[in-house]
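Participant: Got a structure here, written out as structure tokens. Questions coming.
The values are calculated or read from the model by the stated rules, or taken from the named source; none is laboratory data. Remember, it's a predicted structure, so these values are computed and weren't measured experimentally. Here the Cβ positions follow ideal geometry from the backbone for every residue, glycine too, while neighbour counts run over all protein chains shown. Accessible surface areas use protein heavy atoms only, side chains included; no ligands, DNA or RNA. Shrake-Rupley method; radii C 1.70, N 1.55, O 1.52, S 1.80 Å.
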Amino acid sequence: MKLLLAEDDTILADALTANLKGCGFEVEVAENGAVAEYLLLKHDFDLGVLDLGLPLVDGLTVLKKVRAAKPALPMMVLTAWDGMEQRVAGLNAGADDYLTKPFDFPELEARIRALLRRAHGATTAAAPQQAGLLRFDREARRVSIDKTPVDLSPREWTLLDLLLTQRDKVVTKEQIVQGWTGDTSEQTPGAIEVYIHRLRRKLEGSKVSIRTVRGLGYLLEAES
């Protein structure tokens, strides 16, 4: 699936691009509204992710023009504006979904996949992942161990999602920081270790373990 990401914050754009590519998407980035408008109108994309506060041409203007020309193209709006008027304006301009900053990447991914399913008429959800006795249902945002529900905080969910996605591969602290896009308050090495510790405790009895690979990061391992 090919996505157009229109975001003028280069740090955020780079982090989102890395995460989206890690989830299997092809991503093209537009750093202003003029480029976003041109790319969306002239090229084929499966979905557009559009920040409203874009330079040169604002996101609402881009959204209206794209919606008029390509009414079937799914459009996800990202913005720091959290007022009711701004949300209504975005939806009225043609947005299919709306997410305010800061946000957690797993939620953005889930919303993107939901829009793509609707757009392509999918009738079945992606199968939950299984590791040991752990069941990870990304679509329903549910985790269970041997059918017992496990409550995870957004940070813990992101960690587990990353570890499962990169199963049998080392997940670096840099990848974890990228996964925590939109929340800079807990992006220190010490904070990562705290959440790894908490997640380990919650995974007890699941036959799944998180191994520290010194100097590199963390590795999820599961008993067969």
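Participant: Among (1) farther than 20 Å from VAL177 by Cβ; (2) without any contact (Cβ under 8 Å) to a residue 60 or more places away in the chain, there is one condition LEU3 misses while meeting the rest; what is its number?
Facilitator: Among (1) farther than 20 Å from VAL177 by Cβ; (2) without any contact (Cβ under 8 Å) to a residue 60 or more places away in the chain, the lone unmet condition for LEU3 is (2).
Participant: What is the residue count in segment 3-40 for residues that are under 15 Å from the mean Cα position of the chain (by Cα) and charged (D, E, K, R)?
Facilitator: Selection size over segment 3-40: 4.
Participant: Please tell me if PHE105 is within 15 Å of the chain's Cα centre (by Cα), open to solvent by less than 60 Å² (accessible area, probe 1.4 Å) and either modelled with pLDDT of 85 or more or hydroxyl-bearing (Ser, Thr, Tyr) (or both).
Facilitator: Details: within 15 Å of the chain's Cα centre (by Cα): yes; open to solvent by less than 60 Å² (accessible area, probe 1.4 Å): yes; either modelled with pLDDT of 85 or more or hydroxyl-bearing (Ser, Thr, Tyr) (or both): yes.
Yes, satisfied.
Participant: Then there's this: Can you pull out every residue in segment 6-29 that is among the small types (Gly, Ala, Ser), closer than 21 Å to THR165 by Cβ and in contact (Cβ under 8 Å) with a residue 40 or more places away in the chain?
Facilitator: ALA15, ALA18, GLY22
Participant: Out of the residues in segment 200-221 that are among the aliphatic types (A, V, I, L, M) and assigned to a loop (DSSP other than H, G, I, E, B), which is nearest to ARG135 (Cα to Cα)? Quick ask: steps written out before the conclusion?
Facilitator: Within segment 200-221, the subset among the aliphatic types (A, V, I, L, M) is 203, 208, 210, 213, 216, 219-220.
Next, from what is left, pick out any that are assigned to a loop (DSSP other than H, G, I, E, B): 203, 216.
On the way: LEU203: 11, LEU216: 26 Å.
Only one residue fits best here, namely LEU203.
Participant: Looking only at residues in segment 75-102 that are assigned to a loop (DSSP other than H, G, I, E, B), over 22 Å from ALA18 (Cβ atoms) and at pLDDT 80 or above, which one is least open to solvent (accessible area, probe 1.4 Å)?
Facilitator: Step by step, filter segment 75-102, then rank; the result is ALA95.
Participant: So which residues in segment 15-32 are assigned to a helix (DSSP H, G or I) and modelled with pLDDT of 95 or more? Before the answer, list the steps.
Facilitator: Here is the first cut: in segment 15-32, the residues assigned to a helix (DSSP H, G or I) are 15-22.
Across segment 15-32, there are no qualifying residues.
Participant: Let me ask something else. What's the total number of residues in segment 1-14 that are more than 19 Å from ALA80 (Cα to Cα) and either at pLDDT below 95 or open to solvent by 70 Å² or more (accessible area, probe 1.4 Å) (or both)?
Facilitator: 2
Participant: Something else about it: For segment 139-181, what are the residues that are hydrophobic (A, V, I, L, M, F, W, C) and under 16 Å from SER206 (Cβ atoms)?
Facilitator: Listed by number, the residues that qualify are VAL143, ILE145, VAL150, LEU152, TRP157, LEU159, LEU160, LEU163, LEU164.
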